[in-house]
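In what follows, a single structure is set out as structure tokens and then discussed.
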Amino acid sequence: MKMTFRWFGQKSDSVSLKQIKQIPGMTGVMGFLDYKAAGEVWTEEEIRAYIGEVRAAGLECEVIESVNVHEDIKMGLPSRDAYIESYKATIRNLAKYGVKVIVYNFMPVFDWLRTDLARVIPEDGSNSLYFDEKDLGDMGPLDIVRRTAEASKGFSLPGWEPERMAELETTLKRYEGMTADGLRESFKYFLEAIMPVCEECGVVMACHPDDPAWPIFGLPRVVHSMEDFEKLVALHPSPNNSICLCTGSLGSNPENDIPAIVRRFGAMGRISCLHIRNVKHLGPRVFRESSHLSSDGDLDMYEIVKAMHDTCPGAYVRPDHGRTIWDEEGRPGYGLYDRALGAAYLNGLWEAIDKASK
Ligand code: DNO
């Protein structure tokens, strides 16, 4: 297990590299250039500057997140080829600076989605990200974008880049009639185009699951269950076509058996990284994010880490979203304190599981 931490860059993160470095067991960051619009090439200069800073702090940057796929690629439009060429250029540029894994997703229009970014947890006064499907019905896509932007405390949120959201209405219209199979066809086309480049430069693509784990606003989604992952790995046989196993995204649907999913795709060599966090279900399609501890939520962290230890022990891990605790001022889900607690807890589980296995 290589323990890492998401870092948004000096200008956009409330957490410093020094703080990250001081978390026990931290080997590096999962990096992100939060100002890049989908379809833009990540230039060598930008990558060099970001990774240089990370390395100067004594941390590695072998994983990059959210190299977003342009909507035209997902929609399968003729203009996709130019965007795919840009994507290939970004892969090559990242590889030159030692990046080994790229996390991306194939969700139409929206990345992760919540209906409240700071729902107070009555038991202890902390707050966390929250989702209630019925609020979505009342709000509609444009309202949710406005509300999310307003609640983001001035931080840009990954997947909610303003340029993407600006054209929302038009984009939603263009998706009309798109089916899950159609989306999968576009996905296959994309993978077939980029896999040779990934193989040539030693970069593994890690697809992040849909969050929440079901279609929203009538848009198809194709990465949120065991069956979906079976289809995803079958889209391209290369081991460079892998999964970023996000326990909280998959775990939003209580029917997903996360340890079983880790075992299945870990054993196939198709899990290159994991985002680990816990969720608490409060009703059908209503959940909030809890602390990482198993007993605080509905996921069994011990079984998840054990499955990882048994099948994909070399994967990169990061504690995923945390609650906002101790009056921290930070990006929703991405403060320092609760994620650092999460990392310490995961390291503890790992040590116990590892020693018991010997
Ligand atoms: C949410 C994150 C996602 C993830 C992207 C990858 O907080 O886990 O934004 O990084 O889906 O493309």
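The values are calculated or read from the model by the stated rules, or taken from the named source; none is laboratory data. As the structure is a prediction and not an experimental result, all values here were calculated from the model. Glycine also receives a Cβ, built like all others from the backbone with ideal geometry; neighbour counts cover every protein chain displayed.
General observations
- Of all the numbered requirements in (1) more than 20 Å from the chain's Cα centre (by Cα); (2) closer than 17 Å to ASP116 by Cα, TYR130 misses one, and that requirement is (1).
- Top-ranked residue of region 128-145 - restricted to ones that are more than 16 Å from the ligand (Cβ to nearest atom) and surrounded by 18 or more Cβ atoms within 10 Å (Cβ to Cβ), ranked as farthest from LEU183 (Cα to Cα): ASP132
- Selection status of MET178, under 19 Å from ASP111 (Cβ atoms), away from the ligand (no atom under 16 Å from the Cβ) and either outside any helix (DSSP H, G or I) or of a type in the set (Asp, Glu) (or both): yes
- Identification of helices (runs of 4 or more DSSP H) wholly contained in region 223-300 with 2 or more residues that are under 20 Å from PHE131 (Cα atoms) yields 247-251.
- Matching residues, region 14-40, being over 17 Å from the mean Cα position of the chain (by Cα) and closer than 29 Å to ALA166 by Cα: SER14, VAL15, GLY39, GLU40
- Subset of region 212-249 that is within 16 Å of the ligand (Cβ to nearest atom) and among the charged types (D, E, K, R) - its residue that is surrounded by the fewest Cβ atoms within 10 Å (Cβ to Cβ): ASP228
- Of all residue pairs spaced 6 or more apart or on separate chains, none has beta-carbon atoms under 7 Å together with a first member in region 281-295 that is under 16 Å from ASN253 (Cα atoms) and modelled with pLDDT under 95 and a second member that is surrounded by fewer than 15 Cβ atoms within 10 Å (Cβ to Cβ) and of a type in the set (Gly, Ala, Ser).
- Any chance LEU274 is within 15 Å of the ligand (Cβ to nearest atom) and closer than 19 Å to THR27 by Cβ: yes
- Flag for SER291 being closer than 23 Å to GLY322 by Cβ and either away from the ligand (no atom under 13 Å from the Cβ) or surrounded by fewer than 24 Cβ atoms within 10 Å (Cβ to Cβ) (or both): yes
- Hits in region 311-321 - residues which are in a helix (DSSP H, G or I) and over 13 Å from GLY269 (Cβ atoms): none
- Residue selected from region 1-58 under the condition of a type in the set (Val, Ile, Thr) and under 16 Å from TYR337 (Cβ atoms), by the criterion nearest to the ligand (Cβ to nearest atom): VAL15
- Here ASP298, ASP257, ASP310, ASP327 are screened, and the one residue that is touching a Pro at 6+ places or on another chain (Cβ under 8 Å) and either away from the ligand (no atom under 16 Å from the Cβ) or polar (S, T, N, Q) (or both) is ASP298.
- Region 280-337 - residue that is among the small types (Gly, Ala, Ser) and touching a helix residue (DSSP H, G or I) at 6+ places or on another chain (Cβ under 6 Å) and, of those, nearest to ASP13 (Cα to Cα): GLY322
- Scanning region 2-27 for residues that are on the phi > 0 side of the Ramachandran plot and in contact with a strand residue (DSSP E or B) (Cβ under 7 Å, 6 or more places away or on another chain) yields one hit, GLY25.
- Every pair of residues 6+ apart whose Cβ atoms lie under 6 Å, when the first sits in region 303-326 and is within 13 Å of SER128 (Cβ to Cβ) while the second is among the hydroxyl-bearing types (Ser, Thr, Tyr) and crowded, with 24+ Cβ neighbours inside 10 Å: ARG323/SER128
- Checking each residue in region 154-168 for being assigned to a loop (DSSP other than H, G, I, E, B), within 15 Å of the ligand (Cβ to nearest atom) and not small (Gly, Ala, Ser) picks out PHE155, LEU157, PRO158, TRP160, GLU161.
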